[in-house]
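Engineer: Pasting a structure here, questions to come.
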Amino acid sequence: MPDLIKEHLQQEVISDVKLLLRDLWKIIKVLSIYPADSPTPRKMRASFGSRFVELVSQYNGLSFLIRSKEIIYDEEVVYADNGQDDAMATMFYSAGVVVLEFAPRLNEDEADTFIDVIRMAVTGPVQNSDLVSLLWQEQFEYIKFKTVDDLALDKYNTGKIILEQMIFKDGNAAPEEQVFRKIISDQPQPVIVDDANIWWELSGESSLTGGIVPPTEQSRDYLFRSTYLPAEEEEREIHRLLEENRTFDPYRTVTRILLEILHIWDNSKLLIETVGICEKTLDQLLVTGAFSPAADFVHAIRALHEDIKEISPEYGDRLADFLRSAGDMRRIQQLTDIINQQESFDPGTIQVYLESLGWESLPHISGMLGKLVSKKARLMICDFLTRNGRDHLAIIANGIQDKRWYVVRNSAMILGQIGGDNVLNYLEATVTHPDLRVRRETIRALAGIKSERAVALLGRFCHDREARLRALCLTQLGHCSGRQAFEIVREIVMHKDFKENAADELELFLIAFSRLGGAEAVPHLVGIVDAFGLIVSEQSKAYRIAALKALAHNPAPEVPARLEGYTRSKRGWMKDAARGALEYRRRLGQRIEGTDEHSSD
């Protein structure tokens with residue numbers, strides 16, 4: 001029975017892996033046909049990516065052996081090419097990839113990049129041939145692959161293989177050596193010459209060695225190193241060159257050369273011409289998405305400008321023109337287009353570039369709020385303007401006058417995050433904005449400022465035409481401190497027509513009144529509950545129940561005893577409401593003086 005269960009589970013794994021590979025190839029074909037911005041492939045891709053990562057984690061990683069027209073997992077064929085349109089195995093094999101491994105900690109970002117690599121290999125001008133280079137360039141952390149050359153080099157690196165002939169000690173190959181044999185089965189069978197015993201066995205009557213004395217350990221090491229490995233000095237130089245190549249940044253190299261020219265030349269005309277080249281270089285950096293090198297370039301020229309503006313005014317003015325143009329309308333529009341064209345972008349690197357610009361660029365950056373498509377991108381700009389707009393409120397507040405509601409909302413959010421009474425002159429204009437979303441953002445902004453004037457503006461939303469905004473306003477007022485917020489709510493609650501409001505409205509206002517007023521609010525709430533009447537209308541009942549619920553939020557020490565008294569009422573609705581209010585206080589565990597004493601009576 002255990003063997004049957006084990007076989008059944010293994011078949012489930014194989015079935016899942018087969019389905020995964022089939023869907024992977026389907027995604028690749030869809031991405032090759034549809035435009036990049038089409039919603040269909042985006043949805044399919046997101047769904048497949050999460051399932052891909054989940055399956056790799058569930059089975060503690062996946063490792064595939066790739067043959068011509070077949071992909072093998074756990075010694076079973078899990079994918080077989082079916083003609084030219086379904087030739088995923090052939091694609092890998094013809095590129096030289098023979099082992100493909102996915103580590104258990106594979107994440108969705110890396111899986112998504114892997115899909116892009118396969119798509120580029122399929123749709124590229126020379127299909128398949130560039131796959132290994134594309135995989136290598138991504139430097140995956142949780143995706144590993146091996147080619148035929150890698151397996152061969154792995155054997156050389158053991159210091160034991162002579163390609164012409166090989167003998168294994170126990171007559172069997174290690175698993176990776178078996179893979180190696182399967183892939184290059186047409187190669188001659190190699191021989192391992194591992195120790196003196198094997199050598200003597202070969203040398204006795206064999207013509208292979210001709211009776212030559214077996215090599216010593218030292219001579220064998222020398223022979224191997226001198227034949228297959230470079231000398232130590234050469235090896236160090238190779239590593240240095242590889243590291244230099246790995247860290248080579250063509251963008252920073254070009255900008256460094258230009259900066260050296262700007263520092264060394266003393267011919268003003270040539271220097272001014274070089275600044276023109278610098279402007280073209282900056283354009284190229286932005287187009288290619290090299291935002292960090294572009295920012296460093298601007299910072300370096302800003303430092304040069306500070307050093308040179310007094311010595312050479314003409315040269316200094318030209319550098320100042322460069323700095324202004326780095327954040328002018330044309331460049332910011334160029335940056336906006338680049339962001340809108342990218343499916344995903346790194347907001348950190350873009351902010352690094354924006355931080356390198358002067359305050360003169362703030363109007364153009366603020367204008368991006370009305371042009372950026374992605375919400376993530378707009379929030380990035382809001383964050384930037386919040387940090388850099390404190391001293392330029394008039395520029396930031398320009399968006400308040402915009403006709404587009406989302407620009408006004410973002411401007412209100414930025415002003416609220418900047419805070420201070422200085423922003424209230426601008427936020428006052430949005431209190432009566434026709435769009436509900438703008439008014440809602442204004443409430444949040446005012447609630448965060450917490451000054452007397454901000455509370456007064458916030459109180460105006462108690463009369464907003466939208467019930468949702470009145471509720472949000474009361475919630476925010478209920479958390480304010482000071483007499484002003486209480487007086488705003490008290491004036492509404494004490495109005496003779498207040499009790500005619502809807503039940504939920506009554507409850508919200510009375511709760512805010514109770515929280516803000518404390519002991520001062522208790523007599524009025526008790527008076528509502530105790531109102532005499534032989535016949536209680538539904539409206540009157542709703543009003544009195546709302547007052548009982550409001551008492552549950554009151555911090556006054558006498559409130560629990562009052563509520564206990566109402567639990568003995570002969571009116572069922574009053575008794576239930578009082579019990580609910582007491583239970584609410586206990587459940588929240590409010591630390592109100594006297595609550596525990598009265599509750600235990």
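The values are calculated or read from the model by the stated rules, or taken from the named source; none is laboratory data. In this text, all values refer to a predicted model and were calculated from it rather than measured experimentally. So basically every Cβ, Gly included, is an ideal-geometry build from the backbone, and we count neighbours across all protein chains shown. Side chains are part of the model used for accessible areas, which takes the heavy atoms of the whole protein and leaves out ligands, DNA and RNA. Shrake-Rupley method; radii C 1.70, N 1.55, O 1.52, S 1.80 Å.
Engineer: Of the listed peptides 551-558, 516-523, what is their order by residue-averaged count of other C-beta atoms within 10 Å, with the highest listed first?
Structural biologist: Averaged packing, sorted descending, gives the order 551-558, 516-523.
Engineer: Please check which bits of the stretch 360-384 a label hung off Arg404 would reach, taking the label as a point 7 Å along Cα-to-C-beta and the cut-off as backbone N under 11 Å.
Structural biologist: Residues passing the 11 Å test: 367-374, 378.
Engineer: Hey, another quick one. Restricted to Cα positions, what overall size does the stretch 373-487 have along the principal axes? Three whole-Å values, descending.
Structural biologist: 40, 28, 22
Engineer: Could you sort Thr123, Thr274 by accessible area so the largest value comes first, with the probe set to 1.4 Å?
Structural biologist: Of Thr123, Thr274, the descending order of accessible area is Thr123, Thr274.
Engineer: Oh, and also: Would you kindly give the portion of the calculated P(r) for the stretch 342-420 that falls above 16 Å, as a percent of all Cα pairs?
Structural biologist: The calculated P(r) of the stretch 342-420 puts 45 percent of pairs beyond 16 Å.
Engineer: In this model, which of Lys26/Lys146; Lys29/Lys375; Lys549/Lys570; Lys549/Lys575 are farther than 20 Å apart at the alpha-carbon?
Structural biologist: Correct reply: Lys26/Lys146; Lys29/Lys375.
Engineer: Same structure again: Starting from the Cα of Ile311, step 7 Å along the direction of its Cβ; do the same at Arg42; then give the gap between the two resulting points in nm.
Structural biologist: Simple spin-label model gives 5.2 nm for this pair.
Engineer: Hey, another quick one. For Asp421 and Arg465 in one chain, what is 0.36 nm times their gap in residues minus the Cα-Cα distance, to one decimal in nm?
Structural biologist: Working it through step by step, the gained length comes to 13.2 nm.
Engineer: So, one more: Name the residue from Leu424, Ile396, Met368 whose Cα lies farthest towards the positive end of the charge dipole of the stretch 356-507, charges +1 on Cβ of Lys and Arg and -1 on Cβ of Asp and Glu.
Structural biologist: It is Met368.
Engineer: At 0.36 nm per residue, minus the direct Cα-Cα distance, what do Met120 and Glu138 gain on full extension? Give it in nm, one decimal, please.
Structural biologist: Gain in length upon complete extension: 5.2 nm.
Engineer: Moving on. Highest mean first, how do 62-72, 137-147 rank when packing is the count of other Cβ atoms within 10 Å averaged over residues?
Structural biologist: 62-72, 137-147
Engineer: For Ala561 and Glu233, calculate 0.36 nm times their separation in residues minus their Cα-Cα distance, and state this gained length in nm to one decimal.
Structural biologist: My answer for the length gained is 109.1 nm.
Engineer: Taking the Cβ-Cβ separation of Ala429 and His479 as r and a Förster radius of 30 Å, what is the calculated FRET efficiency to the nearest 0.05?
Structural biologist: 0.75
Engineer: Same structure, new question: Between the stretch 329-390 and the stretch 57-103, what is the C-alpha centre distance in whole Å?
Structural biologist: Value for the Cα centre distance between the two parts: 43 Å.
Engineer: Suppose R0 equals 35 Å; then what is the FRET efficiency for Glu101 and Ile261 from their Cβ-Cβ distance, rounded to the nearest 0.05?
Structural biologist: Result of the calculation: an efficiency of 0.15.
Engineer: HN-Hα J couplings of the stretch 21-31 from phi, Karplus 6.51/-1.76/1.60, θ = phi - 60°, integer Hz, Gly and Pro as x?
Structural biologist: For the stretch 21-31, the Karplus-derived couplings read 5, 4, 5, 4, 5, 5, 4, 4, 5, 5, 5 Hz, x marking Gly and Pro.
Engineer: Based on the mean of other beta carbon atoms within 10 Å per residue, what is the order of 453-461, 394-402, most packed first?
Structural biologist: 453-461, 394-402
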